[in-house]
Amino acid sequence: MATGLFIKMIGDNSTFLFWPVLIMSSITSCCITLLNHSILLLFLFISLLLTYEYDNCTLRLSRASEGSVKEEDIEDIRSYHVSLTDLVEHVCSLMSRHVAAGYISSFLAVCFCLYSIINNAKSFTNMAVTSFAVCTSIMHLIALTYAGVRLHEAAHQPLNILHDLAGRNMPDRVIGLVTLFTNKLSQRQIGISAIGLMTITKDTILTIIGTLLTYVFIVIQFKPESTGGCRQDGNATAI
């Protein structure tokens, strides 16, 4: 895409630059793609591992809630959950910039390709390249969002069990631990964030879909052919 824009800007008289620019842009794009995919795979692996540990914590809490609830079990599970949350925050401090870069680059690529599909000539090559770029960028967004949403849901899953425990007859010490655990989970957004601007949750999915649909509608309304047609109709009415 960058090569096509560059060739279009320099004009038809400099087509001898096409192949050198194409080769350089292909090498650069391959290096960037490999780096982004490596970081994405590392992010997915860490997120899935933390999600598994959160699920294990929820399973332990579910087993501990059966029968008489023991103070040492609740305290051990709460401490384990706090340790996992601290690890998530450490991962966020390392990966938040890469997550934000992945979202921004993929989102901009989708917007650029949708604009090209709507406004440019519908040739087979253009449609194939832009469709492949759109699918790749959307898959990138889906992978990032799924990993973040899954981790967020797993981290807050013990809340359902803790709410059920709140109404049971237990010692005061156990009630205090359950209340403390519940308040910590209710007041914090545990998950992967993008430079602290947002935490990836289910609301992120609706935000992305709504933004892309709004962008498509705006591009269609301001399509050059539609604008020219409106101007011709206006001139005919004036005459």
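The values are calculated or read from the model by the stated rules, or taken from the named source; none is laboratory data. What you see is a predicted model, and the numbers here were worked out from it, not measured in a lab. Heads up, the Cβs are rebuilt from the backbone with ideal geometry, glycines too, and the neighbour counts pull from every protein chain shown. The accessibility values were calculated without ligands, DNA or RNA, using every heavy atom of the protein model including side chains. Shrake-Rupley method; radii C 1.70, N 1.55, O 1.52, S 1.80 Å.
Data for the structure
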{"read-out": "Exclusive hit being open to solvent by 70 Å² or more (accessible area, probe 1.4 Å), in a loop (DSSP other than H, G, I, E, B) and of a type in the set (A, V, I, L, M, F, W, C), set ILE218, ILE190, ILE195", "value": "ILE195"}
{"read-out": "Checking MET139 against (1) in contact (Cβ under 8 Å) with a residue 24 or more places away in the chain; (2) among the hydrophobic types (A, V, I, L, M, F, W, C); (3) more than 18 Å from GLY196 (Cβ to Cβ), the condition it does not meet", "value": "(1)"}
{"read-out": "Cross-chain or 6+ apart pairs with Cβ under 6 Å, the range 41-54 first and at pLDDT 85 or above, then assigned to a helix (DSSP H, G or I) and among the small types (Gly, Ala, Ser)", "value": "SER47/ALA147; THR51/ALA154; TYR54/ALA154; TYR54/ALA155"}
{"read-out": "Qualifying residue in the range 69-84 (condition: in a helix (DSSP H, G or I), touching a strand residue (DSSP E or B) at 6+ places or on another chain (Cβ under 7 Å) and surrounded by 16 or more Cβ atoms within 10 Å (Cβ to Cβ))", "value": "no"}
{"read-out": "Single match in SER116, SER96 (criterion: under 19 Å from MET198 (Cβ atoms), assigned to a helix (DSSP H, G or I), polar (S, T, N, Q) and open to solvent by less than 20 Å² (accessible area, probe 1.4 Å))", "value": "SER96"}
{"read-out": "Every residue from the range 201-215 that is open to solvent by less than 70 Å² (accessible area, probe 1.4 Å) and either over 15 Å from PHE107 (Cα atoms) or modelled with pLDDT under 80 (or both)", "value": "THR201"}
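Condition check ((1) over 19 Å from the mean Cα position of the chain (by Cα); (2) in contact (Cβ under 8 Å) with a residue 24 or more places away in the chain) across all residues:
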site	(1), (2)
HIS152	no, yes
ALA166	yes, no
VAL174	yes, yes
VAL178	yes, yes
ARG188	yes, yes
ILE195	no, yes
